[in-house]
Amino acid sequence: MTQTNFTDKQIKVAIVSNGNYHSRGIAHKLFTTLRDDDDFYLTKRYPDVVISIGGDGMLLSAFHMYERSLDNIRFVGIHTGHLGFYTDYRDFEVDTLLENLRSDKGEKISYPILSVKTTLSDGRILTSRALNEATIKRLEKTMVADVIVNDIKFESFRGDGLSVSTPTGSTAYNKSLGGAVLHPTIEALQLTEIASLNNRVFRTLGSPLIVPKHETIEVIPRRLGTYVITIDNKTYKHRDVVKIEFEIDRKKIHFLGSENHTSFWERVRDAFIGELDDEI
């Protein structure tokens, strides 16, 4: 029978899953097991722990689903598809996750996230948070924009667009743009160019730029038009963007702390290098 009365001793758990058949099967197993366990209370509202079942895309969706309550939530991912950078448990390790949840003492691993503020020509100000990165591109033609770093005009950019990533997001789109991989204990932003124009007329730095916590990156478009702004796996179109500001958010994302939480460098190695051959 489904629990209806919550007690302070119970851990409130939310389960979110993608539409994959295998993921739904694991979600059902977790639901039926936790439903009948007096140590847990299943709820979508104000959970203590969010279990994401799928891949990195599903965890990004779970993050945005609960981004207004980050202070009180810890996330944990179960990987059921392709390589999952944010997922600590494989699909065959559900019982291990259950054991770790039962012995949980509130440990957490925390990573910085990105604050994004977009100002539009009609006066609206839109605020967002990103776990991986945010990008801005001009839809019609080449994007021309001033880049302001900590109130100093740094460069005038011409090209397809710009990406600003978190340390954990440094291994995602940022890496494909030639950006550096940053350990998440380094609370910093990383600005990378998307197909910049560099010649004797137009000149940009042409290299990734790492900006520390408490400093801000501003991008001020110099041409009217439609701009495409992405926040992780979400895409928005806006007319006539006045400016977009990036900084490390005051909140962080918290993951369930256990021996299964793979270290950052192990994740990077497993994702991009694979098994190492000890023989030279």
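Please verify whether segment 240-263 includes one or more residues that are within 30 Å of ALA14 (Cα to Cα), within 18 Å of the chain's Cα centre (by Cα), without any contact (Cβ under 8 Å) to a residue 40 or more places away in the chain and not assigned by TED's automatic domain parsing to the domain that holds ARG102.
For segment 240-263, residues within 30 Å of ALA14 (Cα to Cα), within 18 Å of the chain's Cα centre (by Cα), without any contact (Cβ under 8 Å) to a residue 40 or more places away in the chain and not assigned by TED's automatic domain parsing to the domain that holds ARG102: absent.
Mind checking whether some residue in segment 66-79 is within 16 Å of the chain's Cα centre (by Cα), part of a loop (DSSP other than H, G, I, E, B) and surrounded by 18 or more Cβ atoms within 10 Å (Cβ to Cβ)?
Checking segment 66-79: at least one residue is within 16 Å of the chain's Cα centre (by Cα), part of a loop (DSSP other than H, G, I, E, B) and surrounded by 18 or more Cβ atoms within 10 Å (Cβ to Cβ).
Identify, from the list THR192, THR171, THR230, the residue that is touching a residue at least 40 places away in the same chain (Cβ under 8 Å) and either touching a strand residue (DSSP E or B) at 6+ places or on another chain (Cβ under 6 Å) or not assigned by TED's automatic domain parsing to the domain that holds LYS137 (or both).
Numbers: THR192 fails: touching a residue at least 40 places away in the same chain (Cβ under 8 Å); THR171 fails: either touching a strand residue (DSSP E or B) at 6+ places or on another chain (Cβ under 6 Å) or not assigned by TED's automatic domain parsing to the domain that holds LYS137 (or both).
Of the residues listed, the single one that is touching a residue at least 40 places away in the same chain (Cβ under 8 Å) and either touching a strand residue (DSSP E or B) at 6+ places or on another chain (Cβ under 6 Å) or not assigned by TED's automatic domain parsing to the domain that holds LYS137 (or both) is THR230.
Can you say whether THR262 is surrounded by fewer than 19 Cβ atoms within 10 Å (Cβ to Cβ) and in a loop (DSSP other than H, G, I, E, B), as far as the supplied structure shows?
Working: surrounded by fewer than 19 Cβ atoms within 10 Å (Cβ to Cβ): yes; in a loop (DSSP other than H, G, I, E, B): yes.
Criteria met by THR262.
Spot the failing condition for LEU139; the list is (1) among the aliphatic types (A, V, I, L, M); (2) modelled with pLDDT under 90; (3) crowded, with 17+ Cβ neighbours inside 10 Å, and only one is missed.
Of (1) among the aliphatic types (A, V, I, L, M); (2) modelled with pLDDT under 90; (3) crowded, with 17+ Cβ neighbours inside 10 Å, only one is false for LEU139: (3).
Of the numbered conditions (1) part of a helix (DSSP H, G or I); (2) in contact with a Lys or Arg (Cβ under 7 Å, 6 or more places away or on another chain); (3) at pLDDT 95 or above, VAL94 satisfies every one except a single condition; which is it?
All conditions pass for VAL94, except number (3).
The values are calculated or read from the model by the stated rules, or taken from the named source; none is laboratory data. Just so it is clear, the structure is predicted and the values come from calculations on it, not from any experiment. Using ideal geometry, Cβ is built from the backbone for each residue, glycine included, and neighbour counts are taken over all protein chains shown.
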